[in-house]
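Asks: Take a look at this one; I'll ask things after.
The values are calculated or read from the model by the stated rules, or taken from the named source; none is laboratory data. Note that the structure is a prediction, hence the values are computed from the model and not measured. FYI the Cβ positions are ideal-geometry reconstructions off the backbone, even for glycines, and counts take in every protein chain you see.
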Amino acid sequence: MPSSPPSLTPVASALSQLLNQVNPLARTENLPLAQALNRVLAKTQIASINVPPTDNSAMDGYAIQCHDIAQIPTHLPISQRICAGDVPVALSAQTVARIFTGAPIPANADAVVMQEHCQADDRGVTVLQAVKVGQNIRRAGEDIVQGSDVLRAGCRLRAQELGLAASLGIGKLPVYQQVKVAVFTTGDELLEPDEPLTPGKIYNSNRYTLLGLLQTLGCQIIDLGQVADHLAATQAALSQAAEQADLIITTGGVSVGEEDHVRHALLALGRLHLWKIAVKPGKPLAFGQINTTPFIGLPGNPVSAFVTFCLFVAPLLKKMQGLTQIHARACSLPAYFAWPTAGKRQEYLRARLAHVDGRLGLELYPHQGSGVLSSVSFSDGLVEVPIGTTIQHNEMVQFYFYSELLA
């Protein structure tokens with residue numbers, strides 16, 4: 001298979017170099033559950049109780065002793081009524097207990113008959129169907145066993161993890177503090193969206209794409225806005241960012257043009273570890289550091305900035321956040337398109353899910369240029385095309401959902 005040009009770093013090697021330069025933040029804090037959504041757990045949580053704490057009924061019905069049901073039908077008196085939250089007494093022989101979903105099972109009872117299989121009257125209840133021992137009973141610890149690792153350090157706390165913590169009586173969780181990311185864009189041609197469009201100008205989409213991506217990943221953002229295309233202004237912005245942030249991200253100014261000042265400013269203030277990746281879109285990506293603060297300079301083209309953020313910045317941030325699941329998982333889907341030209345860089349095509357003849361596959365956005373931001377909005381993720389390969393119609397391809405890349 002053809003290799004990338006010697007001046008370009010392969011995607012996997014570039015990502016490995018980035019990840020080797022950063023570590024999880026050591027700063028942690030304890031947050032109430034209501035404030036901990038999307039944060040990363042800093043310490044494994046051990047279950048201090050069983051969930052459920054006692055055997056309980058899986059449905060509304062009648063708690064019985066199975067050996068009391070010698071034949072079907074059998075009529076037995078009701079000796080007690082048990083609701084969720086009650087503390088029942090032991091079930092007397094030759095009786096049943098009216099019981100409701102979630103209510104604790106009384107001692108001596110070994111099954112619950114669902115109410116649809118019974119017929120109640122003034123004297124008690126008639127059991128109409130046979131029941132096996134243990135039927136319709138949720139056992140203590142069936143969900144969570146006391147002493148087990150219930151939430152492991154390094155997981156991102158979703159709504160379900162918060163509910164799980166609450167079920168154990170945990171009101172606060174230790175989480176890593178948010179990564180502070182300083183961000184600015186460059187380009188004298190850029191305007192803010194609410195400004196009138198004048199000749200030679202374009203609106204600054206990168207700023208808002210980048211801010212949204214950082215919010216999606218739960219970062220604390222230091223927005224330095226737009227920086228003028230001057231070396232001194234760029235150096236000043238980078239110096240300010242290095243003093244305040246855990247990571248610096250810029251867009252534009254990392255190519256080889258006379259007005260691309262970010263790379264030169266980085267070299268003047270710190271070190272450049274990596275430049276030019278064998279990836280399309282997004283070749284001019286710079287990685288380095290100023291003092292101890294890592295820096296990533298994304299390309300200025302909107303699609304290039306978005307794609308390289310997903311491929312390189314997202315996993316870097318995940319590692320800094322303390323996540324154990326850093327790398328996105330790909331799925332294999334059929335391509336409802338052809339890609340006949342083998343490239344010298346690893347390509348990432350914007351595609352979305354489509355049904356053809358009842359089969360789920362991928363359709364490609366017709367314009368794959370690095371300035372076509374609508375391709376990103378159209379798509380559900382990225383099709384990976386390794387260097388030197390082509391894609392035939394209906395061929396299985398590796399696809400990365402944005403929801404997985406940015407999780």
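Asks: If you go through the range 341-371, how many residues are surrounded by fewer than 21 Cβ atoms within 10 Å (Cβ to Cβ) and either in contact with a helix residue (DSSP H, G or I) (Cβ under 8 Å, 6 or more places away or on another chain) or acidic (Asp, Glu) (or both)?
Replies: 9
Asks: Then there's this: Looking at the structure I just gave you, is residue 330 surrounded by fewer than 19 Cβ atoms within 10 Å (Cβ to Cβ), within 21 Å of the chain's Cα centre (by Cα) and in contact (Cβ under 8 Å) with a residue 12 or more places away in the chain? Explain how you work it out, then say what you get.
Replies: Working: surrounded by fewer than 19 Cβ atoms within 10 Å (Cβ to Cβ): yes; within 21 Å of the chain's Cα centre (by Cα): yes; in contact (Cβ under 8 Å) with a residue 12 or more places away in the chain: yes.
Yes: the conditions hold for residue 330.
Asks: Restricting attention to the range 311-318, does a residue exist that is at pLDDT 95 or above, surrounded by 24 or more Cβ atoms within 10 Å (Cβ to Cβ) and among the charged types (D, E, K, R)?
Replies: yes
Asks: Filter the range 117-134 for residues that are outside any loop (DSSP other than H, G, I, E, B) and without any contact (Cβ under 8 Å) to a residue 60 or more places away in the chain and give the result.
Replies: Residues satisfying the conditions are 117, 118, 119, 120, 121, 124, 126.
Asks: Quick check on the range 16-26. Is at least one of its residues without any contact (Cβ under 8 Å) to a residue 60 or more places away in the chain, touching a Cys at 6+ places or on another chain (Cβ under 7 Å) and either farther than 30 Å from residue 310 by Cβ or assigned to a loop (DSSP other than H, G, I, E, B) (or both)?
Replies: Within the range 16-26 (the criterion being without any contact (Cβ under 8 Å) to a residue 60 or more places away in the chain, touching a Cys at 6+ places or on another chain (Cβ under 7 Å) and either farther than 30 Å from residue 310 by Cβ or assigned to a loop (DSSP other than H, G, I, E, B) (or both)), the answer is no, since none of the residues qualifies.
Asks: So, in the range 57-96, exactly how many residues are outside any loop (DSSP other than H, G, I, E, B) and within 18 Å of residue 139 (Cα to Cα)?
Replies: Pass one, the range 57-96, residues outside any loop (DSSP other than H, G, I, E, B): 57, 61-64, 66-68, 74-76, 78-82, 96.
Cutting the leftovers down to within 18 Å of residue 139 (Cα to Cα) gives us 57, 61-64, 66, 82.
Number of matching residues: 7.
Asks: Consider residue 127 carefully, then state whether it is touching a helix residue (DSSP H, G or I) at 6+ places or on another chain (Cβ under 9 Å), in the same structural domain as residue 245 (by TED's automatic domain parsing), surrounded by 14 or more Cβ atoms within 10 Å (Cβ to Cβ) and at pLDDT 95 or above.
Replies: When the stated conditions are applied, residue 127 does not pass them.
Asks: If we scan the range 75-88, do we find a residue that is over 30 Å from residue 178 (Cβ atoms) and hydroxyl-bearing (Ser, Thr, Tyr)?
Replies: The answer is yes; a qualifying residue exists.
Asks: Counting just the residues of the range 368-395 that are assigned to a strand (DSSP E or B) and hydrophobic (A, V, I, L, M, F, W, C), which one comes out farthest from residue 10 (Cα to Cα)?
Replies: 391
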